[in-house]
Every structure is written in C-alpha cells, then in structure tokens.
1. In whole angstrom, note down how far apart the Cα centers of segment 254-306 and segment 193-215 are.
2. Could you work out how far apart the two model spin labels at Q308 and D131 are, taking each label as a point 7 Å from the Cα in the direction of the beta carbon, and quote it in nm?
3. How many percent of DSSP beta bridges within the chain run antiparallel, rounded to 5?
4. How much length, in nm to one decimal, is gained on full extension between N25 and K211, taken as 0.36 nm per residue of separation minus their Cα-Cα distance?
5. What FRET efficiency comes out for the pair A75/R453, r = Cβ-Cβ distance, R0 = 30 Å, nearest 0.05?
6. Which of the lysines could a cross-linker span from K112 if the Cα-Cα distance has to be under 23 Å and same-chain partners fewer than 8 positions apart are dropped?
7. Report the extension gain between R360 and R465 in nm, rounded to one decimal, defined as 0.36 nm multiplied by the number of residues separating them, less their alpha carbon distance.
8. Per residue, how much accessible area does the chain show when a 1.4 Å probe rolls over the protein heavy atoms, in square angstrom?
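The values are calculated or read from the model by the stated rules, or taken from the named source; none is laboratory data. Quick caveat: nothing in here was measured; it's all calculated off a predicted structure. Positions of Cβ are generated from backbone atoms using ideal geometry, with glycine treated the same way; all protein chains shown enter the neighbour counts. What goes into the accessible areas is simple: the full protein's heavy atoms, side chains included, and nothing from ligands, DNA or RNA. Shrake-Rupley method; radii C 1.70, N 1.55, O 1.52, S 1.80 Å.
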Amino acid sequence: MQYISTRGGTLGQFSDVLLEGLAPNGGLAVPETLPQLGADDLERLRSLSYPELATEIIGLFATDIPREDLARLTAAAYGGGKFAADEIVPISEIGEGMTLVGLSEGPTLAFKDMAMQFLGEALEYVLEKSDRVLNVLGATSGDTGSAAEHALRGRDRVSIFMLSPQGRMSAFQRAQMYSLQDENVHNIAVEGVFDDCQNLVKRLATDLEFKRAHNLGAVNSINFGRISAQIVYYVWAWLRVTDAVAESERAAFEVSFAVPSGNFGNILSGHYARSMGVPIRKLVLASNENNVLDEFFRSGHYRPRSAQDTRATSSPSMDVSRASNLERFVFDLLGRDPERTAAAWHELEERDEIDLSGERDRFESEFGIVSGTSTHDDRIATIREFSENGGVILDPHTADGAKVARAHVEPGIPMLVLETAKPAKFADLIIEALGTTIDPDADTQAMLDAPPRVTNMPHDEQQLRTYISERALS
Ligand SMILES: *Cc1c(COP(=O)(O)O)cnc(C)c1O
C-alpha cells in the first residue's frame, strides 16, 4: 500500500510514514486507497482475539511489514498484562440504549494507549530494520505525553524528551510521567504554560539542521500508525455487539459510535472504519466548550481558535481549537482531490477560516457524522445520572460523549460510547459530581508515591537545545 499526501505527491509505504506523518508540502499522509471489508471478511474476523484482529486490520495498511512480524508486534502491544481487561477492550451496556466501549484499560488509563502501545512496538521494529535511532520530542498538557512515555520507556533505539508546563498538571498526570525511572525517558518541566512548551518544540522541530543532527521526531496525533491502530477497536466493537445477533441479520446490523473529540484522530479512525465497510450508521462527534469541531459540522465553517481563546475545561484532553486531523476528512469530503484540499488550507492561512458550507448537507447524509457540545454542567449532570441509574462512573470526557449521544440514540441501533479515560484520572471532578472519591488501586498508589524524575527548566530555547544535544541517542 502506497501513501500519498492530502496536498499531492507520494510518500512511500507504512514504515516510511510511521516516522513522519507530515508531508514536505504540509499535507498529511493518507493511504492511496482504503481497503474494503465485505460481510464475509467481517465474519472471518469474528473468532479472533484483539491482538489477532489488530494484525489483520493494521496489516491492510502496513503491507510492507511481513504478517508474522506484525503478529509479534501486536502480541507485544496488547499482551503481557499491560491492559487490565483480558479482552483488552471490554464492552458493557450502561442504560439509555448505550454501550460503553472500554478503551482505557491500558497503562495510563486513557484511550491513547490503544494506539501508542502499538506505535512503540512498530517504531522500534522499523528503526531496527533500518539501523536508525529516534529521539522523540513533544509537549504535553497531560495525556498524550504519558501515553507516549509508557509506550517508549525502556526501548533501545528510541528516547523521549517530553516538555510539560510546571505546576499546571494534576498530581495524577504528573505522577504518570515523572514516576518513570527509565533512562530513555526525559521529563522536562518548563516554567510557563502548555503553549510555551509547544512553541519550544516547534522552534526546534522546524530547525531542520538541529532536527537532522539529533534524529528528532514526533509521535503526535497525526501519526498514521496511530490512526490505523485505532480503526481496530471500531471493528472489534461492531463484532462484539453483533455476536448476539442472528447470523442472517448480522451483515446489515448497524451501530452508532459517540466519540469525545479534540484533534479529530479518534473519530477519523471511525470514519475510515465506516468507509471500509463496517456497518456504522452514525458517528456522533462530541465537543466540550472548545467546540470548533461542533461548529464545523453544524455550519461547514472551520474557524480554529487561538490559544487565548481556548478555555481550560474539566474535560482537558478535549481543549483543542485546531484539529490537526481534520484535513484528512476534508480530503475525502473533497473527493480526495489534493488540489482542492491544498486550496482549502491555503484559504485557512489567508483568512483563518475554511468555508465548506456548500458541502454541509453531506456530513450526515454521506459520512454519517453529526455533532454536539457538552459543557461543565452537562458533564456533571451526566456523570451523576449514569452513576445513579446504571451504576457506572464515567470520566468527564466520556460523559461529554454520552451527553451528546443522547440526542442521537435511535431504536434498535446500539449507541456505542467510547470510554476515552478512566474516572480515577479526574478525581476532583468526580468528587464534584458524586461527592465520593475513587480509591486508587495498589499500582496507582505506588505510582503516586514514586520519587519524581524530572528536570525543571526556565522557558529558554538555548538551554533546551543543550540539554537535548547532551542526551539524545545517536
Ligand atoms: C486525546 C483525548 C481525546 C480526544 O481525542 P482526539 O483523537 O484528539 O479527538 C478525548 N478524550 C481523552 C481522554 C483524550 O485523552
């Protein structure tokens, strides 16, 4: 399978785009054609375990990695007791016609582990084959950094430099990163806010000479390896729900998904699963107060907001006002035409806006995408109601998903709400909603008690350069 840029030109194979998701012309890597799964193909996948299914689905995209190698990578990513649930992704009904898809059983208790654990294995494999090393540089306000560190810790050919804002993360988030004692993990707490961290990363990553000299790379949400690994759980969830459906009716049995969204990575994978032939009726996009994506799917106007206009909310992992993966959807919307896609992003640069209002009606009719916004009060009320009625405690992001999903539940169509994090990560909000704390388990307590391994640094580019130069793998 060849990969192309959304703005034109070819980029190589899966292993090539794994290290660099961004094309030189600013576009994003996408597969030249999407593989298709017919009803017979889906039935053939029914008996597989989660890692086996991951081999089959990711294998449709990673055609340059031999199947037996890929099977080793998925077995390592989703085995070895790293996920709390034996089935890796458990499915449970939670009332109101909704079913929870448990994507947060991994080491950092959030859905990013689903993709990042695979990416960690795949990166090491590709680097070994080409006898290279990679120094991952990133900035985090919480979840992405910890998922990346837990996926890359202890590996030989990868090190990770993760910038985080000093004093701006929860105790739980800090502990998840700073408790890691692995030598290849470098936590750098910068004096400033998340945007200061992000700007430092940008300055170094756009200095091509420095980037090349120190083998710098990223594992951010535009990474196609992550997108491909996320498609797996859409297929898995459909298979598990239809296990109970009569065989003759399975092929036509549709489900809908509700997806708490920020960078549009998770729901993009759902869009791909649907385009590949998985019977998905609707993809319900949930935004929090930073509802740039809800605005886009309602009006066709994409208007990213600045950092100053992005609010700090109680579902912090969705505090995104520029959805880095949206370009891949717009590419499909515009008939996979690279010239029209490039023109749209040119328009964005010129006017801070893309006007696709002429295509608005196609979002739902052709792509099944509907959207809505959930606020702090909604999230509190939703957590309370699901706890009282169904006995399940939702995390604030998942609560945003359930809140928005409510307006789109249809009789006979299961609404699958993606659980993007565990409530234990957001104890303060759970206390506000339910008046109770969630006691940490023994592993979590040990993590919270571990001595922090972190370097404090002023907001100083030169100091960061020196720090990386002295420690980067070469
Ligand atoms: C990253 C994240 C999201 C948003 O996912 P995108 O792929 O960026 O849309 C939602 N919830 C949680 C808990 C997350 O960590």
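1. Distance between centres, Cα-based: 29 Å.
2. 5.3
3. 30
4. Numbers: separation 186, 0.36 × 186 = 66.96 nm, distance 1.76 nm.
That works out to 65.2 nm of additional length.
5. 0.50
6. Straight-distance partners of K112: K82, K202, K282, K403, K422, K425.
7. Stretched out fully, the R360 to R465 stretch lengthens by 33.3 nm.
8. Value returned for the chain: 39 Å² of accessible area per residue.
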